[in-house]
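What follows is one structure encoded as structure tokens, with my remarks underneath.
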Amino acid sequence: MRKILIANRGEIALRIIKTCHEMGIETIAIYSDADKEMPFVKAATKAVYVGEPPVNKSYLQADKILEIAKSEKVDAIHPGYGFLSENAKFAEQAIKEGIIFIGPKSKTIELMGDKIVSRKTMEKAGVPVVPGSSLGLKTVEEACKLADEIGYPIMLKASGGGGGIGMVMCENEQALIRSYDSTKSRAMAYFGSEDVFIEKYIAESRHVEIQVFGDQTGNIVHLFERDCSIQRRHQKVVEESPSPFLSDEVRNKMFETAVKAARAVDYVNAGTIEFIVDEKENFYFLEMNTRLQVEHPVTEMITGLDLVKWQILVARGETLPLMQNEINSSGNAIEFRLYAEDPVRFLPSPGKITTLNWNQTESVRIDSGYEEGGTVTPFYDPMIAKCIFHGETRHAALASAENFFKNLQIEGIKTNAPLFLNILANKDFQNGSYTTAFLTKKLVK
Amino acid sequence: MKEITASMAGTVLNVFVSAGDQVNAGQEVLMLESMKMEIPIESESAGTIQELKVNIGDFVNEGDVLIVLE
């Protein structure tokens with residue numbers, strides 16, 4: 001593999017470029033009008049213009065991106081996360097053109113992208129799923145009948161959904177009736193499918209995911225868990241490993257289950273099995289992300305591995321560099337997603353970053369998409385950077401984080417850095433006793 | 001005459017009202033999408049919709065007039 005096109009932008013494009021260059025692989029970046037001055041454009045071996053700022057005219061232009069890949073004669077495409085990373089058709093088209101898609105097989109992406117089909121596949125493989133519908137719902141009456149059987153509150157979800165979009169919690173039948181049509185039409189608008197289903201809403205839950213990796217010869221390993229319970233609007237803000245809540249017994253059971261789930265679909269490359277865990281440590285399959293996760297650095301910090309490198313090795317047909325008994329976890333790692341947003345109301349705050357001074361006194365890994373003087377535009381995700389801390393103990397990692405965010409200077413845009421200091425000062429967070437309700441219930445009054 | 005303006009730059013995702021509709025203060029009249037987030041725009045005062053200045057899919061800047069009220 002001599003040349004890879006990165007079908008993404010911002011920090012993840014930069015992250016992938018770094019590993020490629022370390023491996024002696026050339027990189028082709030693509031960029032929209034809004035991203036011309038971004039660091040990833042300058043870092044790539046070559047950057048090619050892809051289109052106007054809106055995503056459907058740039059980073060979602062599958063045909064155009066494949067054209068660029070062909071004319072640049074790349075060997076492979078790395079999709080990053082978001083955008084086309086879980087688009088089975090794009091993966092298939094790339095392969096048809098003789099270009100390696102760095103990710104799982106397109107039929108695995110398709111299977112896991114349909115939340116109803118993936119629930120059924122997991123149930124069959126003996127993986128526990130949240131009580132709910134095993135088929136798409138046809139009518140609101142059918143939804144109400146099933147919700148009655150399961151018991152309220154329930155979550156109404158789009159089968160094609162993900163990333164927190166297209167799901168709504170319903171406390172009772174009136175709420176379900178009220179949300180049914182709008183969720184269906186939103187599902188159609190966002191995901192091109194109006195299939196919806198319902199699942200029992202699990203209160204006081206935690207969101208724990210297991211990183212898995214498979215190669216083309218059938219080896220599958222897990223790379224431990226990440227606890228991603230600190231969320232707003234069903235989107236992650238802080239992730240850590242190990243989970244401060246899980247017992248070793250349940251943790252090991254989750255690893256086994258995740259590997260079983262990956263094996264059930266002959267999984268190849270990097271993937272993540274997301275579980276919801278209730279108060280009593282019962283865990284249920286939520287979904288599988290068939291790509292590199294935003295929060296993969298947490299796993300890299302505790303294992304000392306480079307997951308992008310592993311992705312490239314597996315994509316070019318090599319076996320996994322390490323087998324399960326050779327993979328170890330050391331210390332605690334925690335990641336904070338720095339967003340250009342109002343820290344109280346969580347509304348986005350685009351604009352020019354006039355000052356960006358990390359004031360690095362602590363040992364911290366910063367995966368940033370921006371530099372001082374850069375502009376955060378309204379077209380894309382508001383994440384500016386990920387700040388990841390590692391310590392011998394959880395206490396040490398949290399102390400580093402607190403020092404770092406106290407000294408961080410960002411001007412020109414609002415960020416959620418003040419929120420991190422509130423989280424870090426919270427006793428429950430310090431004790432590791434938090435659920436997905438933490439941000440909305442505990443910190444926002 | 002009153003104007004409803006965009007509270008931030010973004011794309012018009014949905015328009016919930018038509019010309020001639022009566023709206024109340026605080027009613028959601030339009031949905032913007034900015035940075036992968038849905039931002040509801042409310043009418044600050046009651047009135048009748050005189051003119052829609054934008055269509056679904058339009059990109060607007062902060063402060064742009066979206067809707068004119070009578």
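Under the 0.36 nm per residue contour assumption, what length would be gained going from the current alpha-carbon distance of A:Glu97 and A:Lys18 to full extension? Working shown, then result.
Working: separation 79, 0.36 × 79 = 28.44 nm, distance 2.59 nm.
25.9 nm is the gain from fully extending A:Glu97 to A:Lys18.
Per residue, how much accessible area does segment A:326-445 show when a 1.4 Å probe rolls over the protein heavy atoms, in square angstrom?
On the way: 5090 Å² over 120 residues.
Each residue of segment A:326-445 exposes 42 Å² on average to a 1.4 Å probe.
Do the sum for chain A: with -39,500 (n - 2.57) for every DSSP H run of n ≥ 4, divided by all residues, what is the mean residue ellipticity at 222 nm, to the nearest 500 deg cm²/dmol?
Numbers: 14 runs with 147 residues, N = 445.
Only helices count here, giving -10000 deg cm²/dmol.
Quick check on segment A:272-345: take the gyration tensor over C-alpha atoms, sort the square-rooted eigenvalues as a ≥ b ≥ c, and tell me if it's rounded (a/c under 1.5), prolate or oblate. Can you show the working numbers first?
Working: a/c = 1.76, a/b = 1.39, b/c = 1.26.
In terms of gyration-tensor shape, prolate.
Kindly rank A:138-144, A:37-43, A:224-230, A:264-270 from highest to lowest mean number of other beta carbons found within 10 Å of each residue. Please list the in-between numbers first.
Details: A:138-144: 14.4, A:37-43: 18.4, A:224-230: 24.7, A:264-270: 20.9.
Going by the mean number of other Cβ atoms within 10 Å, highest first, we get A:224-230, A:264-270, A:37-43, A:138-144.
Once label points are set 7 Å from the Cα along Cα→Cβ at both A:Glu204 and A:Asp63, what is their separation, rounded to one decimal in nm?
5.4
Counting only protein heavy atoms and a 1.4 Å probe, tell me what percentage of chain A's accessible area is made up of carbon and sulfur. Before the final figure, lay out the partial values.
Values: 8600 of 17850 Å².
Here it works out to 48 percent.
List, in order, the whole-Hz ³J(HN,Hα) value for each residue of segment A:347-360 obtained from phi through the Karplus relation with A = 6.51, B = -1.76, C = 1.60 and θ = phi - 60°; use x for Gly and Pro.
8, x, 9, x, x, 8, 7, 7, 10, 9, 10, 5, 6, 5
Arranged from highest to lowest average of other beta-carbon atoms within 10 Å per residue, in what order do the peptides A:176-185, A:210-219 appear? Intermediate values should be presented prior to the final figure.
Numbers: A:176-185: 16.7, A:210-219: 19.6.
Going from most to least packed, we get A:210-219, A:176-185.
DSSP beta bridges in chain A, what fraction antiparallel, as a percent rounded to 5? Before the final figure, lay out each step's value.
Working: 59 of 74 bridges.
Taking every DSSP beta bridge with both residues in chain A, the antiparallel ones total about 80 percent.
Size of the dipole of the protein assembly as shown about the Cα centre, Lys and Arg at +1 and Asp and Glu at -1 on the beta carbon, nothing else charged, in debye to 20? Mind showing how you got there, number by number?
Numbers: 55 positive and 72 negative charges, 171 e Å.
Rounded to the nearest 20 debye, it is 820 debye.
In terms of the Cα gyration tensor, with a ≥ b ≥ c the square roots of its eigenvalues, is chain B rounded because a/c is under 1.5, prolate because a/b exceeds b/c, or oblate? It would help to have the intermediate numbers written out before the result.
Working: a/c = 1.81, a/b = 1.71, b/c = 1.05.
Prolate is the answer for chain B, as a/c is 1.5 or above and a/b outweighs b/c.
Leaving out ligands and nucleic acids, note down the accessible area per residue over chain B with a 1.4 angstrom probe, in whole Å². Don't jump to the answer; show the numbers that get you there.
Working: 3570 Å² over 70 residues.
Value returned for chain B: 51 Å² of accessible area per residue.
Partner chain Cβ atoms within 10 Å, averaged over the residues of B:32-41 - can you pull that number for me?
Numbers: counts 1, 3, 9, 15, 13, 11, 3, 3, 0, 0.
That works out to 6 on average.
If I take R0 = 30 Å and measure r between the Cβ atoms of A:Arg2 and A:Ala264 in this structure, what FRET efficiency does the formula 1/(1 + (r/R0)^6) give, to the nearest 0.05?
Numbers: r = 35 Å, r/R0 = 1.16.
Result of the calculation: an efficiency of 0.30.
Each label point is 7 Å from the Cα along the Cα-to-Cβ direction; what then is the distance between the points at A:Tyr190 and A:Lys352, in nm?
3.4
For segment A:337-377, state which residues have at least 10 Å² less accessible area in the presence of all protein chains than in their chain by itself, taking the probe as 1.4 Å and leaving out ligands, DNA and RNA.
A:Leu347, A:Pro348, A:Pro350
Return the distance in nm (one decimal) between the two label points of a simple spin-label model at B:Glu44 and A:Ala43, each offset 7 Å from Cα along Cα→Cβ.
4.2
What's the ranking of A:251-260, B:13-22 by average number of surrounding C-beta atoms within 10 Å, highest first? Please list the in-between numbers first.
On the way: A:251-260: 18.2, B:13-22: 13.7.
Order by mean packing, descending: A:251-260, B:13-22.
Top to bottom by accessible area (1.4 Å), largest first, where do A:Ile150, A:Ile198 land?
Details: A:Ile150 35, A:Ile198 0 Å².
From most accessible down to least: A:Ile150, A:Ile198.
Can you find, among A:Ile327, B:Thr5, A:Pro104, the residue sitting farthest towards the positive end of the charge dipole of the protein assembly as shown, where Lys and Arg contribute +1 and Asp and Glu -1 at Cβ?
Value computed over the given set: A:Ile327.
Express the accessible area of segment A:58-150 per residue in Å², computed with a 1.4 Å probe while the remaining protein chains stay in the model. Write out the running numbers ahead of the final one.
On the way: 4320 Å² over 93 residues.
That works out to 47 Å² for each residue.
Quick check: from the Cα gyration tensor, does segment A:38-77 come out rounded (a/c under 1.5), prolate or oblate? Let's see the in-between values first.
Details: a/c = 2.31, a/b = 1.07, b/c = 2.15.
Since a/c reaches 1.5 but b/c is at least a/b, the shape of segment A:38-77 is classed as oblate.
Given a 1.4 Å probe and no ligands, DNA or RNA in the count, how much accessible surface is buried by B and A, both sides, to the nearest 100 Å²?
Numbers: alone 4200 and 18410 Å², together 21430 Å².
Approximately 1200 Å², summed over both chains.
The values are calculated or read from the model by the stated rules, or taken from the named source; none is laboratory data. A quick note: this is a predicted structure, and the numbers were derived from the prediction, not measured. Neighbour counts run over all protein chains shown; Cβ positions are idealised from the backbone, glycine included. For the accessible areas, the whole protein counts, side chains as well, though only heavy atoms, and no ligand, DNA or RNA atoms are used. Shrake-Rupley method; radii C 1.70, N 1.55, O 1.52, S 1.80 Å.
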